[in-house]
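Data block below; observations after.
The values are calculated or read from the model by the stated rules, or taken from the named source; none is laboratory data. Quick caveat: nothing in here was measured; it's all calculated off a predicted structure. Here the Cβ positions follow ideal geometry from the backbone for every residue, glycine too, while neighbour counts run over all protein chains shown. The protein model used for the area step is the full one, side chains on, heavy atoms only, and it has no ligands, DNA or RNA in it. Shrake-Rupley method; radii C 1.70, N 1.55, O 1.52, S 1.80 Å.
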Amino acid sequence: EDLQKAYEANYGPRIRCRAIVMDNLRRAQEVWAMYRGNPTVENFAQLAAEYSIDPGGKSLGGVVPPIQRHGGQAALEKEAFKLKPGEHSGVIQVGDKFIFLLCEGITKPVEVDPEEVREVLYTDILEKKHRVLMARRFQQIMEQASIENRLYPELSKAPVSDNKKLNSRSSAAKS
C-alpha cells in the first residue's frame, strides 16, 4: 500500500492550480464571493495578489506548485482532485489556514514502470519510517530523562514517573 501511494505521489498526475491562502475564515468567504462575482483567471490573480498571505502565490498571481496525491494535506488534495480545468473550489480549511483553488489543468503522469522504481521508492519509505520511529524513541528518552541545570534551575526536570513518586513521598511525609 505504501509503495502504491509513493508511486502515485511521485509519478502520478498532479493538479495545476492557483490558490489564495488566508488566515481568516470571514476574509476567505468575502474574497471567495468577490471571485464568484467575476470568475476569471485575471480576477483570481488580482485577488491573490491583494489578499493571499502566501508570499510566493501572492507575487505569482496565486500560481502554486502542482498538487500531488498523498503529499500530506489530505483535505486539500481531495478537493483539488475533484476539480476539472476552469472550476474553482469552495473555501478549504487546512490547519489554521483557509484556501480556495482555481484548477488550471492536470499534468500527465510520468510514464515509468512501477517495477523499475520499486527499489528507490522502498528505500525512501524505509528511511522516512525510520525517522518517525527515531523521533518517537527520542521523545520517550527525553520524557524519561533527568536533567539538572545548575545555571538555570527552573529548566531542570525529573522524569515523569519520578515526579509522581516524589509527590506521593512528600504527601506521605507531611501526614
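How large is the dipole of the chain about the Cα centre if only Lys and Arg carry +1 and Asp and Glu carry -1, each at its Cβ, rounded to the nearest 20 debye? Write down the numbers at each step before the final one.
Working: 26 positive and 24 negative charges, 186 e Å.
Computed charge dipole of the chain: roughly 900 debye.
Can you list the residues, at least 5 places off or on another chain, whose amide H is less than 5 Å from the amide H of I106, using H built in the peptide plane?
R16
Once phi is turned into ³J(HN,Hα) by the Karplus curve 6.51 cos²θ - 1.76 cosθ + 1.60 with θ = phi - 60°, what whole-Hz value does each residue of the stretch 130-135 show in order, with x for glycine and proline?
Couplings: 4, 4, 5, 5, 5, 5 Hz.
Anyone know which of F44, F100, F138 comes out most mobile in the 10 Å Cα GNM of the chain?
Answer for the Gaussian network model of the chain: F138.
Would you mind telling me the share, in percent, of accessible area of the chain contributed by carbon and sulfur at probe 1.4 angstrom? Write down the numbers at each step before the final one.
On the way: 6500 of 12160 Å².
Percent of accessible area from carbon and sulfur atoms in the chain: 54.
Can you run phi through the Karplus equation (6.51, -1.76, 1.60; θ = phi - 60°) for the stretch 48-62 and list ³J(HN,Hα) in whole Hz, with x for Gly and Pro?
Values per residue, Gly and Pro as x: 5, 5, 8, 10, 5, 8, 7, x, x, x, 4, 6, 9, x, x Hz.
If you line up the long axis of helix 160-174 against the longest principal axis of the chain, both from Cα atoms, how many degrees apart are they, to the nearest 10?
Roughly 40 degrees between the two axes.
Report, in listed order, any pair from K78/K108; K5/K58; K58/K97; K5/K78; K5/K97 with a Cα-Cα distance greater than 20 Å.
Details: K78/K108 18 Å; K5/K58 31 Å; K58/K97 15 Å; K5/K78 14 Å; K5/K97 26 Å.
Pairs exceeding 20 Å: K5/K58; K5/K97.
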